[in-house]
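What follows is one structure encoded as structure tokens, with my remarks underneath.
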Amino acid sequence: QDNGDLLDLSASCRASDNLVDASLKWCNDKKTRGELNATSSFGKNDRGVNYAHVVVNPSNITIGEKTWQVRSSDILYMPKHIDVNEFTIAHDRQHIIVNGTASASNADSLHIDLNGIDVRYILDLVNFHSVDFDGSASGKALVVAPFGELSANANLTVNNFLFEHGRMGVLDAKVNWNTAESQIDIDAIANDGPDARTLIYGYVSPKRNFIDLGIEADSTHIDFMHS
């Protein structure tokens, strides 16, 4: 990969009677490893458009020290159109659930429900390490027209929020995808007890591996300045 990590991939497939049973396995330098199992069928709809109907079968993904279950779900794929029904990755009470339609139309959207997701693991997956964030994120995200004029936003609450290993308390954040700049705009407030709060605003750019966040401190603990 671009960062020098090794990504091992393997796949096995069995096809008959217009059905393909497939198993995809991967291992990323022991950071993540897993297996995704699916059964797919193919055809044309009543408008003559090719489609693939994918039934995701129970699978496991290990991120760090946690093993997550990929539960059964349905995905219907057509060119620039994907219908997702209850695609779920879960570990105990933690989960990511995706529902909805991804297309070029502003009338279609994907709804993503997050509960207790480890922020550090997400940043590892996208290889963003300009600064360190950590915590447990819950909330709702909306992705509109990913195959057209993409827009996306999320309202998130991050418990035990850490910035550069320093405690910030509970973070409430409004997050928007800025299409023009290919960056994530952030407007947030972190509360660490009744007398300590931090206003955070600016953006993170995974594309440029760059961050520009303004921090307005009101009795904020300065642990984050150690590094």
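Observations on the structure shown:
- Per-residue 3J(HN,Hα) values for region 10-22, derived from phi via the Karplus relation 6.51 cos²θ - 1.76 cosθ + 1.60 with θ = phi - 60°, read 8, 9, 9, 9, 9, 10, 6, 6, 6, 10, 10, 8, 10 Hz in sequence order (x marks Gly and Pro).
- Sequentially through region 213-221, phi angles give Karplus couplings (6.51, -1.76, 1.60; θ = phi - 60°) of 10, x, 10, 10, 9, 10, 6, 6, 5 Hz, Gly and Pro residues having no value and appearing as x.
- Solution diffusion estimate, µm²/s, Stokes-Einstein, region 170-226, Kirkwood Rh from C-alpha pairs, 4 °C, viscosity 1.567 mPa s: 106
- Note on region 29-156: Rg/Rh from C-alpha atoms, Kirkwood Rh, equals 1.00.
- Built from the Cα atoms of region 121-227, the convex hull projects on average onto 6.8 nm², one quarter of its surface area.
- Just the protein heavy atoms count here, and of the accessible area of the chain at 1.4 Å, carbon and sulfur take up 53 percent.
- Both numbers refer to the Cα atoms of the chain; Rg and Dmax are 19.9, 67 Å.
- Amide H contacts under 5 Å for Phe147, placed H, 5+ residues apart: Ser103, Ala104
- Per-residue HN-Hα couplings for region 113-118 [Karplus 6.51, -1.76, 1.60; θ = phi - 60°; Hz; x = Gly/Pro]: 10, 10, 9, x, 7, 6
- Residues with amide H under 5 Å from that of Phe87, placed H, sequence gap 5 or more: Val98
The values are calculated or read from the model by the stated rules, or taken from the named source; none is laboratory data. Worth saying up front: this structure is predicted, and the values here are computed from it rather than measured. The accessibility values were calculated without ligands, DNA or RNA, using every heavy atom of the protein model including side chains. Shrake-Rupley method; radii C 1.70, N 1.55, O 1.52, S 1.80 Å.
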